[in-house]
Amino acid sequence: MGKNFHKTTPKVVAEKINPLYCWYGDIYYLDRKKYLIFCNAKTRVIFMIGPYQVDNKIHFMNIFHDQLKKHLSKFFADTENYFEKVEDIGYLEKPDKGATAFLNRVKEDLNYSKAYRKSEGNQMKLPEDFEIMFERYPTSIKGKFFFPEDRFIEVWGNLK
């Protein structure tokens with residue numbers, strides 16, 4: 001994210017923000033390249049940025065905003081309104097247990113896919129393979145299964 005990220009980006013308290021606007025991230029490495037995976041804890045919608053290299057001319061939050069907007073627009077018709085209602089911009093200092101567990105599971109699935117493809121003589125390609133693997137990725141929270149994109153739209157509808 002860059003050395004200046006923490007200096008130029010304020011901390012935000014997750015408890016004061018609607019969970020639909022809280023995104024948690026982790027790093028995944030493939031062939032010494034860094035990929036950033038983000039997850040919304042409330043809906044489990046995920047997306048990837050990468051390969052990622054720090055660009056001192058472009059602040060990470062601008063890259064994040066653009067990539068999130070691009071991802072959401074694939075399944076969510078009200079993207080512009082979503083960004084107009086953003087309550088606060090900054091980084092979340094405290095991790096979310098559910099989001100962290102989900103991101104770890106995604107990374108395990110990526111590792112499994114990478115090993116399987118290697119055994120078949122193929123190479124995993126990111127972010128293309130990520131998009132294919134997680135395009136319609138069912139998950140659950142407390143035993144209730146759902147598709148993250150559907151849940152995102154449902155939670156958004158409940159806000160109105």
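Overview of values
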read-out: Positions within the range 138-152 being surrounded by 15 or more Cβ atoms within 10 Å (Cβ to Cβ) and part of a loop (DSSP other than H, G, I, E, B), in sequence order; value: Phe147
read-out: Scan of the range 62-87 for residues that are among the hydrophobic types (A, V, I, L, M, F, W, C), open to solvent by 40 Å² or more (accessible area, probe 1.4 Å) and under 15 Å from the mean Cα position of the chain (by Cα), ordered by number; value: Phe75
read-out: In the range 19-53, residue nearest to the chain's Cα centre (by Cα) [restricted to those that are part of a loop (DSSP other than H, G, I, E, B) and surrounded by fewer than 14 Cβ atoms within 10 Å (Cβ to Cβ)]; value: Gln53
read-out: Sole exception among (1) under 17 Å from Glu154 (Cα atoms); (2) among the β-branched types (Val, Ile, Thr); (3) in contact (Cβ under 8 Å) with a residue 60 or more places away in the chain for Thr9, by number; value: (1)
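The values are calculated or read from the model by the stated rules, or taken from the named source; none is laboratory data. Please read these numbers as outputs of a predicted model, since none were measured by experiment. Glycine gets a Cβ as well: all are built from the backbone with ideal geometry, and neighbour counts include every protein chain shown. Quick note on the areas: whole protein, heavy atoms, side chains included, nothing else; ligands and nucleic acids left out. Shrake-Rupley method; radii C 1.70, N 1.55, O 1.52, S 1.80 Å.
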